[in-house]
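Step one of this worksheet: look at the structure below.
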Amino acid sequence: MASLNQYLKDTTRLLRDARQESINPLDMIAHVNTARREVAMRAQCVRVLTPISGSIMSASVTAGGSGYTSPPTVTITAPDFPSGMGAFPNGSQATAQALISGGKVSTVDINYGGYGYFQPQITFSGGGGTGAAATPVLSATTQFSQGLEVYNYADIDLSAFPGVGAIYYARTVSVIYANYRYTLYVAAFSDYQAMIRQYPFQYQYVPAFAAQFGQGTAGSLFVYPLPSQAYQYEMDCLCLPQDLKTDLSVEILPDPWSEAVKYFTAHLCYLDLQNYNAAKFYLELFDMHLLRYSNYARVGRAPNRYGRI
């Protein structure tokens, strides 16, 4: 993967400005990040699938119980929804330990958060006491909430994807229901408003329809029927990258797309210098390279080598 310093070096080489006398370095960094966003949107190469399960990050003690003379054993249920993704496609068991104070459970420390959890439970045994209870806190997962129709792209937690900045478009939305994954019918919002969204709040069930309202990172997803309970959902998202601020910033643009960043950055730099012929030349180079990379990376594939299915 490229780094901020590499992008600056590549662009400086194109500008023949090794001493950085023509363009302010801070301006060039801003142009690099503008170019990266342009590449991400034009090539649609920053794509994530929102998580349907996660790890246990912490536990909140809801009842300390009484009579504990020693820390009780903490048992966490087995992973209840392995995602099939690495590094633990079948899930991984979480572990924890309890601390007591004054005969009560005061804290539950998560030793290992595990993987593949959707609705984990924590129980206590031993220690000479009774009545302790705790609620696990999961890493970010995407779930429909009971009675909630609108889900803003900006509210979706992307912390599981370092380098990803924001969602600007949802290609598909799929719901997990009764151990089955199905994709919602996504209608234009005007059709959704006129023919689908008939009962404002009276009808709740598993969502079957969706519509996007708003554009770009300010977009939102409407779903109907309104969810009757919490349902996991996966959203196939096109995203913008986070800005690169230092060489330690995570670059999410994949190769070969990152190779085109320097051309659009040079285009913007020459616009600053009011050298419009050079700016046009590098914009044309950018367009040409993105088209070539699309042809290279998206090679046609026969879906079935054995005839019709």
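Order of 45-54, 59-68 by packing, highest average Cβ count within 10 Å first?
Averaged packing, sorted descending, gives the order 45-54, 59-68.
Calculate one ³J(HN,Hα) per residue across segment 260-273 by plugging θ = phi - 60° into the Karplus curve 6.51 cos²θ - 1.76 cosθ + 1.60, and present them in order as whole Hz with x for glycine and proline.
For segment 260-273, the Karplus curve yields 8, 4, 4, 6, 6, 5, 4, 4, 5, 5, 6, 5, 4, 7 Hz.
Which residues' amide hydrogens lie under 5 Å from the amide hydrogen of Leu226, considering only partners 5 or more residues apart or on another chain, with H built in the peptide plane?
For Leu226, the qualifying residues are Tyr205.
Show me the ranking of peptides 181-190, 119-128 by mean Cβ neighbours inside 10 Å, starting with the highest.
119-128, 181-190
Might you report the magnitude of the Cβ-based charge dipole of segment 6-159 about its Cα centre, with Lys and Arg at +1 and Asp and Glu at -1, to the nearest 20 debye?
About 380 debye.
Could you work out how much longer the chain between Ala18 and Arg298 gets when fully extended? Use 0.36 nm per residue separation minus the Cα distance between them, nm to one decimal.
The Ala18-Arg298 span can extend by a further 97.2 nm.
Would you grab the residues whose amide H sits under 5 Å from the one on Val46? Only those 5+ places off in sequence or on another chain, please, with H modelled 1.01 Å from N.
Cys239
Starting from the Cα of Met288, step 7 Å along the direction of its Cβ; do the same at Phe213; then give the gap between the two resulting points in nm.
4.7
Taking R0 as 45 Å, what's the FRET efficiency between Ser106 and Val250 from their Cβ-Cβ distance, rounded to 0.05?
The formula returns an efficiency of 0.75 here.
Go through 245-253, 104-112, 195-203 and give me the packing order, highest mean Cβ count within 10 Å leading.
Taking the mean over residues of other Cβ atoms within 10 Å, the ranking is 104-112, 245-253, 195-203.
Could you tell me the center-to-center distance, by alpha carbons, between segment 28-105 and segment 193-215 in angstrom?
31
Can you run phi through the Karplus equation (6.51, -1.76, 1.60; θ = phi - 60°) for segment 33-47 and list ³J(HN,Hα) in whole Hz, with x for Gly and Pro?
Along segment 33-47, the couplings run 6, 5, 5, 5, 5, 4, 4, 4, 6, 5, 8, 6, 9, 10, 9 Hz.
Would you mind working out the magnitude of the charge dipole of the chain relative to its Cα centre, with +1 at each Lys and Arg C-beta and -1 at each Asp and Glu C-beta, to the nearest 20 Debye? Intermediate results must be reported in sequence, preceding the final value.
Values: 20 positive and 21 negative charges, 141 e Å.
Taking the Cα centre of the chain as origin, the dipole is about 680 debye.
Per DSSP H run of n ≥ 4, the term is -39500 (n - 2.57); total these for the chain, divide by its residue number, and report the mean residue ellipticity at 222 nm rounded to 500 deg cm²/dmol. Show your work: numbers first, answer last.
Values: 4 runs with 65 residues, N = 309.
So the calculated ellipticity at 222 nm is -7000 deg cm²/dmol.
Could you size up the charge dipole of segment 220-285 around its Cα centre, putting +1 on the beta carbon of Lys and Arg and -1 on that of Asp and Glu, and report it in debye to the nearest 20?
Charge dipole, segment 220-285, about its Cα centre: 220 debye, nearest 20.
Cα to Cα, under 13 Å, and not fewer than 8 places away if on the same chain: which aspartates and glutamates meet these conditions relative to Lys9?
Straight-distance partners of Lys9: Asp17, Asp247, Glu259.
Under the rule of at least 5 residues apart or a separate chain, name every residue whose amide H is placed under 5 Å from the amide H of Leu138.
Met57
Could you tally the net charge around Val250, taking each other residue with its Cβ under 14 Å from the Cβ of Val250, Lys/Arg +1 and Asp/Glu -1? Kindly include the intermediate steps, with their values, before the conclusion.
Numbers: positive: Arg36, Lys245; negative: Asp243, Asp247, Glu251.
Within the 14 Å Cβ shell, the charges total -1.
Which ³J(HN,Hα) values, rounded to whole Hz and listed in residue order, are derived for segment 218-232 from phi using the Karplus coefficients 6.51, -1.76 and 1.60 in 6.51 cos²θ - 1.76 cosθ + 1.60 with θ = phi - 60°, glycine and proline given as x?
After applying 6.51 cos²θ - 1.76 cosθ + 1.60, I find 8, x, 8, 10, 9, 10, 8, x, 4, x, 8, 6, 6, 10, 5 Hz.
What FRET efficiency would be calculated for the residue pair Met85, Asp243, taking the C-beta separation as r and a Förster radius of 25 Å, to the nearest 0.05?
Working from the Cβ atoms, E equals 0.40.
Starting from the Cα of Lys262, draw a straight line to each of the aspartates and glutamates and keep only those under 13 Å, dropping any in the same chain fewer than 8 residues away.
List returned: Asp10, Glu38, Glu284, Asp287.
Computed from the coordinates by the stated procedures, all read-outs in this text should not be read as laboratory data. What you see is a predicted model, and the numbers here were worked out from it, not measured in a lab. All Cβ positions, even for glycine, are placed from backbone atoms using ideal geometry, and neighbour counts span all protein chains on display.
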